[in-house]
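Input: a single structure, listed below in structure tokens.
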Amino acid sequence: MAATPLRDQGVRPGTRVHVVSDVHGNARDLARAREGADALICLGDLVLFLDYADHARGIFPELFGKENADRVVELRTARRFEEAREFQAGLWAAAGEDRSVLIERAVRRQYAEMFAAMPAPTYATYGNVDIPRLWPEYAREGTTVLDGQRVEIGGWTFGFVGGGLRTPMRTPFEISDEEYEAKLAAVGEVDVLCTHIPPEVPDLVYDTVARRFERGSRALLDVIRRTRPRYSLFGHVHQPLRRRMRIGSTECVNVGHFASTGRPWALEF
């Protein structure tokens, strides 16, 4: 859906934008996330497959129960990814129905709820656990989906790059480094660079609860250093060592705490 610049919507000088990421099923707070702001930006991961804080929540425990979810989290946290895959494969084999069918059915239920909750206007991009091909079926009028694209909000240019890079987790929307770099190049120089994953900086990619480094983008870090946007906004890492830091003149902010806090991050300009 084409975006209309907010300056053409009669937005007053002095724009306030709320930014969220890693919604993971929190439709209640998403519905009010734009309150007090001119627009909402959502940086993906609408789907909740498995909640690492509460193993009873998400698609996986709904299908296989909390005890099996406990085991998967234990294996993944220990970085025993192959064992986790084998354990899950046994559960899926015994499920009696095709895995992809079961997952898509559950994702569709979540997307129906998530997109119905999105206030207008919302500018959104995909997270690594999202399924982009389903979004056009659920994105309503007032929700603009962007990936490798840019839009003007209140006189500033915002660029959007969705998805994650390939990892042993094999989440649904992981792409190659080359494809990710091409999307960054398509966005070009912007005031605010909005991505799902962070730049590859140790303090920004280490999750203190999961006790592992998540995948960040070296190409994104290079773009930040070269083009110097005012802000780099991202999520993906839920409990980073640092939520905010400067890279050169760019303020880098992790907004990936929405599922647990229900609070958006506010940008005023």
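The values are calculated or read from the model by the stated rules, or taken from the named source; none is laboratory data. On a predicted model such as this, the values are computed, not experimentally measured, just so you know. Note: ideal-geometry Cβ built from the backbone for every residue, glycine included; neighbour counts use all protein chains shown. Accessible surface is based on the protein model in full, side chains and every heavy atom, while ligands, DNA and RNA are left aside. Shrake-Rupley method; radii C 1.70, N 1.55, O 1.52, S 1.80 Å.
Picking from residues in the stretch 229-257 that are out of contact with any Asp or Glu (no Cβ under 9 Å at 6 or more places or on another chain) and assigned to a loop (DSSP other than H, G, I, E, B), the one that is surrounded by the most Cβ atoms within 10 Å (Cβ to Cβ) is Arg243. Based on what the data block shows, is Ser260 touching a Lys or Arg at 6+ places or on another chain (Cβ under 7 Å), hydroxyl-bearing (Ser, Thr, Tyr) and open to solvent by 40 Å² or more (accessible area, probe 1.4 Å)? Against the criterion (touching a Lys or Arg at 6+ places or on another chain (Cβ under 7 Å), hydroxyl-bearing (Ser, Thr, Tyr) and open to solvent by 40 Å² or more (accessible area, probe 1.4 Å)), Ser260 does not qualify. Counting only helices (runs of 4 or more DSSP H) that sit completely within the stretch 173-228, those holding 3 or more residues that are at pLDDT 95 or above and surrounded by fewer than 20 Cβ atoms within 10 Å (Cβ to Cβ) correspond to 177-187, 218-227. Residue pairs whose Cβ atoms lie under 9 Å apart, separated by 6 or more positions or on different chains, with the first residue in the stretch 74-102 and more than 14 Å from Phe64 (Cα to Cα) and the second assigned to a loop (DSSP other than H, G, I, E, B) and among the polar types (S, T, N, Q), are Phe81/Thr167.
Consider the stretch 34-64 and keep the residues that are among the charged types (D, E, K, R) and within 22 Å of Leu102 (Cβ to Cβ). The one that is most open to solvent (accessible area, probe 1.4 Å) is Glu62.
Taking residues in the stretch 115-134 that are at negative phi, and partners anywhere that are basic (Lys, Arg) and open to solvent by 20 Å² or more (accessible area, probe 1.4 Å), the pairs with Cβ atoms closer than 7 Å and at least 6 places apart or on different chains are Phe115/Arg140; Pro119/Arg34; Leu134/Arg108.
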